[in-house]
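The values are calculated or read from the model by the stated rules, or taken from the named source; none is laboratory data. Note that this is a predicted model, so its numbers are computed, not measured. Cβ coordinates were reconstructed from backbone atoms using ideal geometry, including for glycine residues, and neighbour counts include every protein chain displayed. In case anyone asks, the SASA skips ligands and DNA or RNA and just uses the protein heavy atoms, side chains included. Shrake-Rupley method; radii C 1.70, N 1.55, O 1.52, S 1.80 Å.
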Amino acid sequence: MHRILVVDDDAVSQQFLVMVLNRLGHDNVVVANDGIDALIQLDAGDRNFDVICCDLDMPRMDGIEFVRHLGERCYQGKLLISSGFDGRVLESVAELARLYDLWLAGVLPKPVNRQHLLELISQPPPAIRHSINISHPTEEELRAGIEKGQFLPFFQPQVEMESGKIRSVEVLARWQHPRLGLTGPQQFIELAEGSGLITELTKRLLCDATRMMAKLPDPQLDMSINLSMASLGETGLVADFEAILEANRFPMSRLTIEATENSLMAHPIRALEVLSRLRLKGAGLAIDDFGTGFASMDRLSRFPFTELKIDKGFVIDAAQNPTNASILRASAELGRQLGLKVVAEGVASLAEWLLCRSLGVEVVQGSYISPPVDAESFRRWLLKHQGVFPLPAIAADQHPI
Ligand code: C2E
Ligand code: CA
Ligand code: CA
């Protein structure tokens, strides 16, 4: 049975397509209201789709941009475009899909014809799929990109569940790539780590982000930044961080360093030294992606952590997935027992907000509150909310437990 994702902002066409698919015997159909929503579902990891039916004209992220993101993610399933557009636009989408080596099975004019849909869904894969490697940046581009300031800090807020207070913000790297457009970390973090450029990149981000933070309407927000394991071996890292913060008048006590469990295990001695020194200078320390690594509790307890960040993989569909809900509950409990601030990332809907609330999670981050956005959008978002994210009203029948 195929797993099918229908991406369409128009509720009527979306439901119509789902109905036709159901009648053709496909029950495993998930819907997304636009490209961003669809990417969130794809990135959730445990949802691999065999077929994606995508509309072209959608707000926030249109179908063309969505096709590019699918290409960057090396999506292997079948792609169907449903659209009311004419041939020229569809030809360019087909060309884009071909360049990204996506399997574009065909275009469905709207309204969708049942027989046509059936043929496209049952179409076998093409014998050969050529890849023109336009989707991967090179090391030279990366080096030049850092020098030319093409990397941008994006900001994703973290909100205190009890009060709705906007407490902090995670800085996430984006690359305004001259050839590929705005590119996410999946496209360059590994390359930056492998080529020894990750520390330079992190320092640039830290510098730009702290400078931008000073111009925000709430200049007292805390900030988190991701530190790669490859940076833990760099001498001078702590001094460089101190100098950057001092130059931008950002106190170390408002900075939290996020490190994944696995990165700590790769170089435990260096990691212990670097992170302890940063902690000594006043920075907070978060165990990132908690639950996905192989660190033993004994090892973890030797690091002076202040925060436990439950990985989004356990949060994203915890309201529907009892196993993930159990992991979420146990992680939150462990964090509390260890006296750590418990943060859940990947809170993408009201259901997950309510679940986290009921499990005593202290702080949440996720697209339900805001996706990561550029500095200007974040400034406007802060102004709109005046420091407090509106707490959702809980109806009796919405409570997850
Ligand atoms: P992470 O540290 O776990 O960051 C959180 C990721 O979850 C971000 O992805 C964010 O966009 C995503 N996310 C947040 N809320 C939701 C949600 O509700 N639903 C879904 N599906 N996703 C959500 P992003 O920005 O693509 O970053 C991916 C990873 O790349 C980060 O994971 C981090 O490991 C790495 N990364 C990003 N920036 C940097 C950086 O400056 N340095 C290093 N070393 N790694 C970075
Ligand atoms: Ca992180
Ligand atoms: Ca994470």
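Observations, loosely collected:
- Solvent-accessible ranking of Y75, Y368, largest area first, probe 1.4 Å: Y368, Y75
- Area projected by the alpha carbon convex hull of segment 1-62, averaged over all directions, nm²: 3.9
- Leading residue at positive end of dipole, the chain (Cβ point charges), from I52, T306, H116: T306
- Reported to the nearest whole Å, the Cα centre-to-centre distance from segment 348-375 to segment 1-66 is 23.
- For the set K78/K165; K78/K312; K165/K203; K78/K309; K281/K384; K281/K312, the pairs lying more than 31 angstrom apart at their alpha carbons are K78/K165; K78/K309; K281/K384.
- The chain - Rg over Rh from alpha carbon coordinates, Kirkwood radius: 0.98
- Ligands, DNA and RNA excluded, the heavy atoms of R380 present near 130 Å² of accessible surface to a 1.4 Å solvent probe.
- Taking the three principal axes of the alpha carbon atoms in segment 268-360, the coordinate ranges are 41, 25, 21 Å, sorted in descending order.
- Probe 1.4 Å, all protein chains present, accessible-area order of M58, M212, largest first: M212, M58
- Positive-end residue of L182, V171, A144, charge dipole of segment 142-187 with Cβ unit charges: A144
- Surface accessible to a 1.4 Å probe, D288 within the full protein complex, Å²: 10
- Cα coordinate range in segment 4-121, projected on the principal axes (Å, largest first): 35, 33, 26
- Calculated Rg and Dmax of segment 318-401 using C-alpha coordinates, Å: 14.1, 39
- For a modelled paramagnetic label at A144, 7 Å from Cα along Cα-to-Cβ, the residues of segment 158-178 in reach, with backbone nitrogen under 20 Å, are 174-178.
- Rolling a 1.4 Å probe over the protein chains gives H267 an accessible area of about 80 Å².
- Here the dipole of the chain is about 560 debye; that uses its Cα centre as origin and unit charges on the Cβ of Lys and Arg (positive) and Asp and Glu (negative).
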